[in-house]
1. Checking the condition closer than 23 Å to G39 by Cα and either in contact (Cβ under 8 Å) with a residue 12 or more places away in the chain or loosely packed, with under 14 Cβ neighbours inside 10 Å (or both), which residue from N63, N131, N115 passes?
2. May I ask you to verify whether M141 is touching a residue at least 12 places away in the same chain (Cβ under 8 Å), out of contact with any Asp or Glu (no Cβ under 9 Å at 6 or more places or on another chain) and surrounded by 12 or more Cβ atoms within 10 Å (Cβ to Cβ)?
3. Please find, within the stretch 91-149, the residue that is nearest to E50 (Cα to Cα) out of those that are acidic (D, E) and part of a strand (DSSP E or B).
4. With the structure loaded, tell me whether A110 is free of Cβ contacts under 8 Å to residues at least 12 places away in the same chain and among the aliphatic types (A, V, I, L, M) or whether it fails that test.
5. Any residue at all in the stretch 72-82 that is touching a Lys or Arg at 6+ places or on another chain (Cβ under 7 Å), surrounded by fewer than 14 Cβ atoms within 10 Å (Cβ to Cβ) and not in a loop (DSSP other than H, G, I, E, B)?
Amino acid sequence: MASNQSLSLSLWAALALTLVIAACPVTSTNPEANQKAVGGVEPADPNDEEVQKAVDFAVETYNDLTNGVYVSKPIQLMSASQQVVGGMNFYLKIKFGQTTCAKAQFVDLADCPFNEQPDQQEKTICNFEINTVPWENEISMTNFSCLST
């Protein structure tokens, strides 16, 4: 009987050790491996081509959805992050300024100067969530919110 008790205690000790090891996070000595979490949100390079496509889409969609007479264009990309999903989610924070170009006459955003008249200098900060599936040539806005400053 004593041998069965010692075997049971050994099995319980092994089980406890296994649970402790399983509960401890595995860390890597590779600093790059510790920086990325699969499916996690991480900073995006504002100069990356895919980020720029997402910004352009956000700006175009923003101008399509707003009721203003004039086109707005980005003053500053305040932040950009990305998340790998069934494609890529981009989280963008963009500061907009109103231009002198009317939406009805709009040709090219690069040719539209910001409106410098004090009563027409409306600025807006918007947060966008853009989903892209590059291999299917798909892009969509899944969420956005704006605040006038």
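1. Of the residues listed, the single one that is closer than 23 Å to G39 by Cα and either in contact (Cβ under 8 Å) with a residue 12 or more places away in the chain or loosely packed, with under 14 Cβ neighbours inside 10 Å (or both) is N131.
2. no
3. So, considering only residues that are acidic (D, E) and part of a strand (DSSP E or B), the one nearest to E50 (Cα to Cα) is E138.
4. Working: free of Cβ contacts under 8 Å to residues at least 12 places away in the same chain: yes; among the aliphatic types (A, V, I, L, M): yes.
Answer is yes for this residue.
5. Looking for residues that are touching a Lys or Arg at 6+ places or on another chain (Cβ under 7 Å), surrounded by fewer than 14 Cβ atoms within 10 Å (Cβ to Cβ) and not in a loop (DSSP other than H, G, I, E, B), one finds at least one in the stretch 72-82, hence yes.
Values in this text are rule-based calculations from the coordinates and carry no lab data. Fair warning: this is a prediction, and the values are worked out from it, not measured in the lab. Neighbour counts run over all protein chains shown; Cβ positions are idealised from the backbone, glycine included.
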